[in-house]
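Q: One structure coming up, written as structure tokens, with questions to follow.
The values are calculated or read from the model by the stated rules, or taken from the named source; none is laboratory data. Everything numeric here is computed off the predicted structure, so don't read it as measured data. Here Cβ is always computed from backbone atoms with ideal geometry, including for glycine, and neighbour counts include all displayed protein chains.
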Amino acid sequence: MGSAAELAAAALMILGYPALMLAALVPSLPAFGAAAAVTYLADHYLHRKGSYLINRLSKVRAGLSIRFLIRQLLLILLLARLSHADDLIFYRAVACFIAFYGLQAPHGALVTLIRNRRKMPVATRNVDLKSRIRIPDAPPQFLLHRSAEKMLHLDLFAVVGILVSAHLGASAAGFAGMCLTIGLGLLYVLVLTPYVRGRKIPPKAEVVLAAVDDWLAGYKPETVLYFSGSKDSAYQVNMWLETMEQLESRPLILLRERAILNNLAPTTVPVICVPGGVHLMNMDLSTVRVALYAANVGKNIHLLRVPTMKHVFIGHGDSDKLASVNPFSKVYDEVWTAGRAGRDRYALADVGVRDDDIVEVGRPQLAPIQSRQGVPAGRIPTVLYAPTWEGWDGNPGNTSIVLAGENIVRKLIAADPPVRVLYKPHPFTGTVSKQAGAAHQRITALVEKAAAQRAGDSRFTADAKAMAQAKAELARIEARLAELAGPAGERGDEAEATRDGVVDVARHQEVARLRAEWNDAYWRSFPSYEHRVITGAEPRLYDCFNVSDAMVSDISSVVSDFIASGKPYAVTDSGELGAEEFKRQNTAVRAATILTNSAAELGELLAAVRDPASDPLAGDRVELKRYLLGPDEPASIVQFNTAVTDLAVKAEARNVGQQARLSGEDGALAGAVPGPRTAAADDTDGVNAG
């Protein structure tokens with residue numbers, strides 16, 4: 001259960017049905033009415049919340065339709081127990097519920113047909129199909145959203161009417177309620193019918209695919225980012241969107257799953273989602289010269305088979321994990337890594353990837369991370385504590401939050417001279433381990449208590465007027481962002497989104513500008529000395545990096561990314577490997593202060609923050625940054641664009657060579673193979689024969 005309210009609703013719904021049966025057997029009309037109301041309301045609430053219980057009930061043959069049917073059967077039982085079995089209303093109630101269930105089949109079939117017929121063979125964003133094919137509007141959302149629940153709830157009129165009739169001893173209310181139930185159910189079916197035929201449905205698959213090929217012929221994409229995966233892996237492609245927007249060649253994003261498209265972040269790059277492998281293999285991608293792959297998955301083969309483009313594995317992060325040296329990587333023409341560390345990683349793994357096929361391109365995603373500038377005068381240092389989550393395997397070395405988190409935060413709060421603490425936990429913290437969840441709650445309480453104490457300390461002062469202005473600015477920006485986002489539920493179905501999914505570039509740029517302004521105003525809206533717990537999507541992790549002077553974290557991509565800032569950092573050896581072994585196993589901690597679970601070594605980190613001149617690891621961090629992420633100059637996006645251009649030249653050279661070879665072979669074959677017989681040749685043969 002997601003909350004105590006959901007648990008209470010589930011308990012009420014489950015207990016409501018035995019109560020209904022008991023009320024029908026007694027019989028008690030008021031008790032039956034009260035129990036029925038409870039089951040209706042609890043069921044509706046759990047559906048609206050998307051409760052896990054609702055899904056589980058359908059697995060044990062207690063799904064939505066069964067629950068409604070049971071309530072209706074118990075109502076019939078109640079009428080019989082109230083001595084209405086010989087009354088006309090009893091028979092009409094039976095006929096009403098049979099007819100009502102008869103309407104469920106056409107209703108369900110129509111909803112399924114509409115959804116299937118509006119499902120596009122190829123879904124797109126930022127691709128102009130509107131001028132090429134006709135895609136009709138989606139049916140009103142209220143017709144299809146939770147349609148089964150809406151249809152079944154139409155029995156409420158009949159149930160209420162029958163209960164009123166049983167109470168009053170008059171059948172008029174029951175007849176009226178039953179007529180409403182049947183009439184509205186029939187109307188629902190009739191309203192859906194036009195959407196399964198004629199101009200209400202999108203064109204056939206071959207028409208849509210031809211329109212996409214026509215668009216491709218005009219756009220002539222040159223570089224493709226290809227991605228396949230589960231909806232939870234959408235972040236792996238989202239991290240490359242800004243890089244694709246900055247390419248000097250014409251970019252295209254190819255996705256294979258609709259779930260990824262639905263979770264894709266806003267972008268100006270054209271996006272085509274092709275679920276069918278045959279459709280992808282028949283798509284005209286003849287102008288593409290470079291294909292980039294962010295993950296090693298089986299569906300990559302559908303594009304890897306195309307020889308006219310060069311294929312590159314770019315991954316979705318650079319770390320010491322085994323996934324970073326997957327033997328599958330040798331199927332690509334090149335493997336691009338951030339820095340020398342990636343190259344050495346493949347050499348040590350010896351998985352068949354040749355050194356000549358590895359290109360160092362830096363990490364363009366890290367461009368927003370600002371380099372170390374030192375602590376501004378008049379501001380106390382800020383230390384970010386960003387632990388990772390506990391993971392699935394229960395390894396105590398995964399996260400510091402359980403064994404070391406409270407020690408770290410207590411020492412930072414008690415530091416003298418003082419520092420500010422920003423606590424930003426991983427969003428999955430506590431999802432697997434109750435201990436991690438409890439530790440997170442205790443750390444949150446520590447930070448919030450320390451913030452309250454500091455607010456009352458006369459040594460710390462803030463500009464209340466400036467903070468009020470920043471808060472007003474935040475409210476203005478948030479209102480404008482909400483206006484630009486549009487009302488909730490505005491999005492249509494897949495076909496409509498394909499038709500209208502061309503990004504408004506001006507709006508996209510305004511949103512980006514407003515998010516930057518929001519971030520600036522957020523940090524000005526509270527004192528620079530205030531301890532803070534930061535959860536949710538905003539402010540982003542990189543924004544926290546930029547306002548921090550040091551960080552404490554665990555082995556994860558967070559550490560690798562923070563290294564780009566050049567600022568001091570500490571990593572907790574929660575698995576108690578020992579400092580030397582910990583560094584040997586994890587390249588990213590070779591320039592870090594290594595903490596034990598007691599966090600006794602935190603003083604070394606704080607000393608480096610307060611006096612950069614005596615920072616013993618400053619030189620090591622510079623070397624490690626270059627080793628892991630490559631040189632600062634040229635900028636990573638420049639390196640990336642250069643690598644794309646160079647590989648595109650190789651792909652073109654290969655294609656030209658193949659054409660020349662095939663032309664040469666055709667010429668040679670033309671001289672070797674006898675041509676068609678002519679009349680003159682026939683005559684000569686006849687003379688020679690004679």
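Q: What number of residues within segment 397-429 satisfy the criterion of being part of a loop (DSSP other than H, G, I, E, B), surrounded by 15 or more Cβ atoms within 10 Å (Cβ to Cβ) and of a type outside the set (Ser, Thr, Tyr)?
A: 12
Q: From the residues in segment 42-62 that are within 29 Å of Val164 (Cβ to Cβ) and touching a helix residue (DSSP H, G or I) at 6+ places or on another chain (Cβ under 8 Å), which one is modelled with the lowest pLDDT?
A: Among those residues, the one meeting the criterion is His47.
Q: Same structure, new question: Within segment 479-499, can you find the residues that are part of a helix (DSSP H, G or I) and either modelled with pLDDT under 85 or surrounded by 14 or more Cβ atoms within 10 Å (Cβ to Cβ) (or both)?
A: Scanning segment 479-499 gives Arg480, Leu481, Ala485, Glu494, Ala495, Glu496, Ala497, Thr498, Arg499.
Q: Where residues in segment 352-362 are loosely packed, with under 15 Cβ neighbours inside 10 Å and either polar (S, T, N, Q) or touching a helix residue (DSSP H, G or I) at 6+ places or on another chain (Cβ under 9 Å) (or both), which of them is nearest to Gln639 (Cα to Cα)?
A: Only one residue tops the list, namely Asp355.
Q: Picking from Val189, Val207, Val224, Val212, which residue would you name as being closer than 24 Å to Gly317 by Cβ and either assigned to a helix (DSSP H, G or I) or not assigned by TED's automatic domain parsing to the domain that holds Ala485 (or both)?
A: The conditions single out Val224.
Q: Right, next: Within segment 81-103, work out how many residues are over 16 Å from Leu186 (Cβ atoms) and exposed (fewer than 14 other Cβ atoms within 10 Å of the Cβ).
A: 5
Q: Which one is surrounded by the fewest Cβ atoms within 10 Å (Cβ to Cβ) among residues in segment 70-79 that are in contact with a helix residue (DSSP H, G or I) (Cβ under 7 Å, 6 or more places away or on another chain) and farther than 15 Å from Ala170 by Cβ?
A: This residue is Ile70.
Per-residue answers, yes or no, for (1) assigned to a loop (DSSP other than H, G, I, E, B); (2) touching a Leu at 6+ places or on another chain (Cβ under 7 Å); (3) buried (at least 18 other Cβ atoms within 10 Å of the Cβ); (4) among the β-branched types (Val, Ile, Thr):
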position: Arg515; (1), (2), (3), (4): no, no, no, no
position: Tyr522; (1), (2), (3), (4): no, yes, yes, no
position: Tyr529; (1), (2), (3), (4): yes, no, yes, no
position: Gly536; (1), (2), (3), (4): yes, no, no, no
position: Pro539; (1), (2), (3), (4): yes, no, yes, no
position: Ser560; (1), (2), (3), (4): no, yes, yes, no
position: Ala564; (1), (2), (3), (4): no, yes, yes, no
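Q: Any residue in segment 448-461 that is in contact (Cβ under 8 Å) with a residue 12 or more places away in the chain, farther than 30 Å from Val511 by Cα and among the charged types (D, E, K, R)?
A: Checking segment 448-461: at least one residue is in contact (Cβ under 8 Å) with a residue 12 or more places away in the chain, farther than 30 Å from Val511 by Cα and among the charged types (D, E, K, R).
Q: Given the options Arg289, Arg305, Arg250, name the one that is within 21 Å of Ala211 (Cα to Cα) and basic (Lys, Arg).
A: Arg250
Q: As an exercise: evaluate Val208 against (1) crowded, with 16+ Cβ neighbours inside 10 Å; (2) within 25 Å of Thr39 (Cα to Cα); (3) in contact (Cβ under 8 Å) with a residue 24 or more places away in the chain and give the number of the one condition it does not meet.
A: (2)
Q: If we only count helices (runs of 4 or more DSSP H) wholly inside segment 1-92, which ones have 3 or more residues that are touching a residue at least 40 places away in the same chain (Cβ under 8 Å)?
A: Output list reads 4-25, 29-49, 64-81.
Q: If you check Thr535, Thr498, which single one turns out to be among the hydroxyl-bearing types (Ser, Thr, Tyr) and assigned by TED's automatic domain parsing to the domain that holds Pro387?
A: Checking each option against the conditions leaves just Thr535.
Q: Mind listing just one residue for me: the one in segment 570-602 that is touching a residue at least 40 places away in the same chain (Cβ under 8 Å) and not in a loop (DSSP other than H, G, I, E, B) and, of those, surrounded by the most Cβ atoms within 10 Å (Cβ to Cβ)?
A: Across segment 570-602, the extreme among qualifying residues is Thr572.
Q: Evaluate segment 224-239: report whether one residue or more is touching a Ser or Thr at 6+ places or on another chain (Cβ under 6 Å), farther than 20 Å from Pro368 by Cβ, hydroxyl-bearing (Ser, Thr, Tyr) and buried (at least 20 other Cβ atoms within 10 Å of the Cβ).
A: no
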